[in-house]
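Visitor: Encoded as C-alpha cells, here's the structure I'll be asking about.
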Amino acid sequence: MVGNAAFDDTDFLGGVSRETHARLRDYATLYEKWSPRINLTAPSTQKDFWRRHIADSAQLLDLATEAQHWADLGSGGGFPGMVIAILLQDQPDARVELIESNRKKTAFLQAVKAQCAPSAIIHPARIEAAIPAMKRPDIVTARALAALPALLDMTSAWLSSGTRALFHKGRGYAGEIEESRAKHVFDLVIHKSRIDADSVILEISNLQPKPA
C-alpha cells in the first residue's frame, strides 16, 4: 500500500517539515484510492511510489532553487507538478500550474489540490490551448509526455523568452536531442537522475529556430 509505505524523507527529500510530510502522505493515500480506477501511472511503478514518483519529481527543486513560478505539462497523476506544488506550499510567492486535458485525471488533481496543495492551479485544457493564456513561467516541466522535439515545439514561445525546461527523459534521450537539433538551437545541460541510473533530466534554455 503506497499510503503506508516506508518512507525516509531525509534520504529522498533532504528533510521536509512535518506538515509537508503529512501532505505527501495524504497525496499517497489519494493516489492509492484513485489509481486503480483511472490508471494514473504504470502498475509496475506503484510498489515503489515514493522513490519512482515522489523523489523523482522532488529532485527538480535542487536544479531550480530560485524558481517561484512553475508550469507542468500533461500532469497526469501529478508528477512532477503536484509534488512540486506540495513542497512549495508554504512559500507564499510560489506558483505551480498544472495542465491536464483528461477529465478523470483532472478530477484527481483537483482532489489532491483541495487536500494537499491549495495554492496549485489546475488547467483542465489541452496544452496548446492553455499555454497562450498563461504567464510565462520560470520553469516548465514534463514527464513521460512526448518526445523532445514535440516538447520543444509546445514550449517554444516560453523557452525563447527566458523560461528554462526541466524534462525527465529515459535512456533514449540522446537520439531525441539529435533529432531536436535538426530544427532548433538551444543551451543544454544534462543532469543524471539521482533516482534512476538510466534516466536524465534535460535542462534546456535559450531556444531558437535553427538558421536555414
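The values are calculated or read from the model by the stated rules, or taken from the named source; none is laboratory data. Quick caveat, the model's predicted, so the values are computed rather than measured. As a convention, Cβ positions derive from the backbone with ideal geometry for all residues, glycine included, and neighbour counts pool all protein chains shown. Protein only, heavy atoms only, side chains kept; ligands, DNA and RNA dropped before computing areas. Shrake-Rupley method; radii C 1.70, N 1.55, O 1.52, S 1.80 Å.
Visitor: Take the residues of the range 172-212 that are part of a strand (DSSP E or B), of a type outside the set (D, E, K, R) and in contact (Cβ under 8 Å) with a residue 60 or more places away in the chain: which is farthest from residue 142 (Cα to Cα)? Show your work before the answer.
Guide: At the first step, the residues of the range 172-212 found to be part of a strand (DSSP E or B) are 184-192, 200-209.
From what's left, of a type outside the set (D, E, K, R): 184-186, 188-191, 200-202, 204-209.
Right, trim to in contact (Cβ under 8 Å) with a residue 60 or more places away in the chain and you get 191, 201.
On the way: 191: 15, 201: 10 Å.
Checked the range 172-212; the qualifying residue farthest from residue 142 (Cα to Cα) is 191.
Visitor: Just one of the numbered conditions (1) touching a strand residue (DSSP E or B) at 6+ places or on another chain (Cβ under 7 Å); (2) farther than 21 Å from residue 86 by Cβ; (3) among the β-branched types (Val, Ile, Thr) is not true of residue 141; which one?
Guide: Evaluating residue 141 over (1) touching a strand residue (DSSP E or B) at 6+ places or on another chain (Cβ under 7 Å); (2) farther than 21 Å from residue 86 by Cβ; (3) among the β-branched types (Val, Ile, Thr) leaves (2) as the failure.
Visitor: Criterion first (more than 20 Å from residue 138 (Cβ to Cβ) and open to solvent by 80 Å² or more (accessible area, probe 1.4 Å)) does residue 169 satisfy it? Working first, answer last.
Guide: Details: more than 20 Å from residue 138 (Cβ to Cβ): yes; open to solvent by 80 Å² or more (accessible area, probe 1.4 Å): no.
Here the answer is no, as residue 169 does not meet what is asked.
Visitor: Condition check: free of Cβ contacts under 8 Å to residues at least 60 places away in the same chain, of a type in the set (Gly, Ala, Ser) and touching a helix residue (DSSP H, G or I) at 6+ places or on another chain (Cβ under 9 Å). Does residue 57 satisfy that?
Guide: Criteria not met by residue 57.
Visitor: Just checking: which of the helices (runs of 4 or more DSSP H) contained wholly in the range 91-170 hold 1 or more residues that are basic (Lys, Arg)?
Guide: Numbers: elements: 103-116, 127-130, 148-159.
By residue number, 103-116.
Visitor: When the residues of the range 75-87 are filtered to those that are touching a strand residue (DSSP E or B) at 6+ places or on another chain (Cβ under 6 Å) and not in a helix (DSSP H, G or I), which remaining residue is nearest to residue 151 (Cα to Cα)?
Guide: Narrowing the range 75-87 to residues touching a strand residue (DSSP E or B) at 6+ places or on another chain (Cβ under 6 Å): 75, 80-81, 84-85.
Then keep just the ones that are not in a helix (DSSP H, G or I); that gives 75, 80.
Details: 75: 14, 80: 15 Å.
The selected residue is 75.
Visitor: Against the condition assigned to a strand (DSSP E or B) and within 18 Å of residue 168 (Cβ to Cβ), how does residue 58 come out, does it pass? I'd like the intermediate steps shown before the answer.
Guide: Values: assigned to a strand (DSSP E or B): no; within 18 Å of residue 168 (Cβ to Cβ): yes.
Against the criterion (assigned to a strand (DSSP E or B) and within 18 Å of residue 168 (Cβ to Cβ)), residue 58 does not qualify.
Visitor: Restricting to the range 172-205, and then to whatever is among the acidic types (Asp, Glu) and open to solvent by 70 Å² or more (accessible area, probe 1.4 Å), can you tell me which residue is nearest to the chain's Cα centre (by Cα)? Walk me through it before giving the result.
Guide: Kept after step one, since they are among the acidic types (Asp, Glu), are these residues of the range 172-205: 176, 178-179, 187, 196, 198, 203.
Retained after the next criterion (residues that are open to solvent by 70 Å² or more (accessible area, probe 1.4 Å)): 178-179, 187, 198.
Numbers: 178: 23, 179: 23, 187: 20, 198: 18 Å.
Among residues in the range 172-205 that are among the acidic types (Asp, Glu) and open to solvent by 70 Å² or more (accessible area, probe 1.4 Å), the one nearest to the chain's Cα centre (by Cα) is 198.
Visitor: I would also like to ask the following. Residue 143: within 20 Å of residue 53 (Cα to Cα) and open to solvent by 20 Å² or more (accessible area, probe 1.4 Å), yes or no? Write out each step before concluding.
Guide: Working: within 20 Å of residue 53 (Cα to Cα): yes; open to solvent by 20 Å² or more (accessible area, probe 1.4 Å): yes.
So residue 143 fits the description; yes.
Visitor: Another question, then. Looking at (1) at pLDDT 95 or above; (2) farther than 23 Å from residue 106 by Cβ, find the lone condition where residue 196 falls short.
Guide: Exception for residue 196: condition (1).
Visitor: Show the residue pairs that are 6+ apart or on different chains and have beta-carbon atoms under 6 Å apart, the first residue being within the range 141-170 and without any contact (Cβ under 8 Å) to a residue 12 or more places away in the chain and aliphatic (A, V, I, L, M), the second being surrounded by 17 or more Cβ atoms within 10 Å (Cβ to Cβ) and part of a helix (DSSP H, G or I).
Guide: So the pair list comes out empty.
Visitor: Yes or no: the range 80-95 includes at least one residue that is surrounded by 22 or more Cβ atoms within 10 Å (Cβ to Cβ), in contact with a Lys or Arg (Cβ under 6 Å, 6 or more places away or on another chain), closer than 25 Å to residue 203 by Cβ and of a type outside the set (A, V, I, L, M, F, W, C). Even if it seems obvious, please write down each step before you answer.
Guide: Taking the range 80-95 first, the residues surrounded by 22 or more Cβ atoms within 10 Å (Cβ to Cβ) are 80-87.
Now narrow it down to the ones that are in contact with a Lys or Arg (Cβ under 6 Å, 6 or more places away or on another chain): 80, 86.
Right, trim to closer than 25 Å to residue 203 by Cβ and you get 80, 86.
Going one step further and asking which of them are of a type outside the set (A, V, I, L, M, F, W, C), we end up with 80.
Yes: one or more hits.
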